[in-house]
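The values are calculated or read from the model by the stated rules, or taken from the named source; none is laboratory data. The model shown is predicted, which means the values in this text are computed figures rather than measured ones. Cβ placement follows ideal geometry from the backbone for every residue including glycine, while neighbour counts extend to all protein chains displayed. Keep in mind that these areas ignore ligands, DNA and RNA; they rest on the heavy atoms of the full protein, side chains included. Shrake-Rupley method; radii C 1.70, N 1.55, O 1.52, S 1.80 Å.
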Amino acid sequence: ICYTAATGRTHFAHRMAIVARNRDEAHAKLLANRDGTSRTGIEKGIVNKLHPPRLAMLFTGQGSQYFGMGRELYETQPTFRKVIGQCNDLLRDSLEIPLHSVLYSTNMTASPLNEPAYAQPALFAVQYAIYMLWKSWGIEPQLVIGHSSGEYVAACVAGVFSLQDGLKLIAERGRLMQALPQRGRMAAIMTGETRVARTIRRSGLPDVSIAAVNGPAQTVVSGTDKAVDAVVRELQADGIDSTPLNASNAFHSALMDPMLGEFEQICHQIPFSYPQVPIISNIYGRHVTSEIVTASYWRAQTRETVRFSDGIRQLEKQGANVFLEIGPHPVLTGAGRSCIPDADHLWITSLRQGCSDWLQLLKNLSKLYVRGLHIDWQGF
């Protein structure tokens, strides 16, 4: 019945989608909808055919990883499993521990996923596999953006470089970061960039940088332990809260400088192409074309501030009204909402740690369908 309704019948503007494990559950939810009683797993909407949805995909950076991310998809979904296998083969010469084992081994006593040499390529592979699963169901973006290392997946999806070259770049980036002699730390401060920048200037400390501007009231600082602590203390004295981040390195700070030259030389070996899907830059917070196909861009992308807040506002200016986070756990969705809080946009995540991967995808597919996105039900 579900197959016939999805693949063989006209899809009208008034839509309802239900997620059910069996016939009895589907029957109960249909009755609940008829009777107007509240029940989870029912999505309803009216498609505005004059203003079709415009989808932006958001790719997450380091920090969202966890051991076993995507395991249920790996065990049950051929498309996801095939892509992870492909990435495992392409990373064979780059990782001492195979990707399969890093993600899903039952014998791992201590996962290396918190080390950038493993976290960054593993997140790349999982997100690319999630993207390919969405794509197999007909869900493709009109715009893409990535946060820090997530921009590598976004660029790969946009056609800036191949999967093989994207994995090579992200593996080398993680390796060089892990080899840095000083790791430092990061903290999220609950205020705007201007206030944080003024505090950094007043402190006179050269060893702290603004690593990311994630929203109007969330700015990330990065640097040496001493410098970050000094900035955090001064702002806390003014009643501004902060949260230490579980980061392996002081990303996007001067502590990255020793690796930049070697990384740029590696980037020179990569054949870049102009984006086939519009991509919003981390560095500039706007749509880029020729800027992103140079080695110097990817060198700067490792060091400069992530302007995610600007990027989200730019996505809205370009007509995006559905935002789909491609990642193992929601990180960007909340920050994105804070950048354009009053708009009637749809924010959707892919997976969520501690929840069934498959159930999460089905629920989110339902939301996309009733919003009016075209679903390849045959592919599904």
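Some observations on this one:
- Some residue of segment 75-86 being of a type in the set (Asp, Glu) and surrounded by fewer than 24 Cβ atoms within 10 Å (Cβ to Cβ): yes
- Qualifying positions in segment 124-170 - part of a helix (DSSP H, G or I) and open to solvent by 10 Å² or more (accessible area, probe 1.4 Å): TYR128, TYR131, MET132, LYS135, SER136, CYS156, VAL157, LEU163, GLN164, ASP165, LYS168
- Test: residue in segment 333-342 that is open to solvent by 20 Å² or more (accessible area, probe 1.4 Å), of a type in the set (Asp, Glu) and closer than 26 Å to ASN48 by Cβ: yes
- Of all residues in segment 21-52, those being surrounded by 12 or more Cβ atoms within 10 Å (Cβ to Cβ), part of a loop (DSSP other than H, G, I, E, B) and without any contact (Cβ under 8 Å) to a residue 24 or more places away in the chain number 1.
- Scanning segment 80-94 for residues being in a loop (DSSP other than H, G, I, E, B) and of a type in the set (Gly, Ala, Ser) gives a total of 1.
- Here VAL208, VAL293 are screened, and the one residue that is out of contact with any helix residue (DSSP H, G or I) (no Cβ under 9 Å at 6 or more places or on another chain) and among the hydrophobic types (A, V, I, L, M, F, W, C) is VAL293.
- Among the residues making up segment 366-380, a single one is in contact with a Leu (Cβ under 8 Å, 6 or more places away or on another chain), surrounded by 19 or more Cβ atoms within 10 Å (Cβ to Cβ) and not aliphatic (A, V, I, L, M): ARG371.
- The criterion of being within 18 Å of the chain's Cα centre (by Cα), farther than 18 Å from GLN127 by Cβ and open to solvent by 60 Å² or more (accessible area, probe 1.4 Å) does not hold for HIS252.
- Any hit, segment 27-37, residues being modelled with pLDDT of 95 or more and in contact with a Gly (Cβ under 7 Å, 6 or more places away or on another chain): no
Rundown of residues vs (1) β-branched (Val, Ile, Thr); (2) modelled with pLDDT under 95, yes/no style:
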| residue | (1), (2) |
| --- | --- |
| LYS49 | no, yes |
| THR76 | yes, no |
| PHE80 | no, no |
| VAL83 | yes, no |
| ILE97 | yes, yes |
| THR106 | yes, yes |
| GLU115 | no, yes |
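- Verdict on LEU55 being surrounded by 16 or more Cβ atoms within 10 Å (Cβ to Cβ) and in contact with a strand residue (DSSP E or B) (Cβ under 6 Å, 6 or more places away or on another chain): yes
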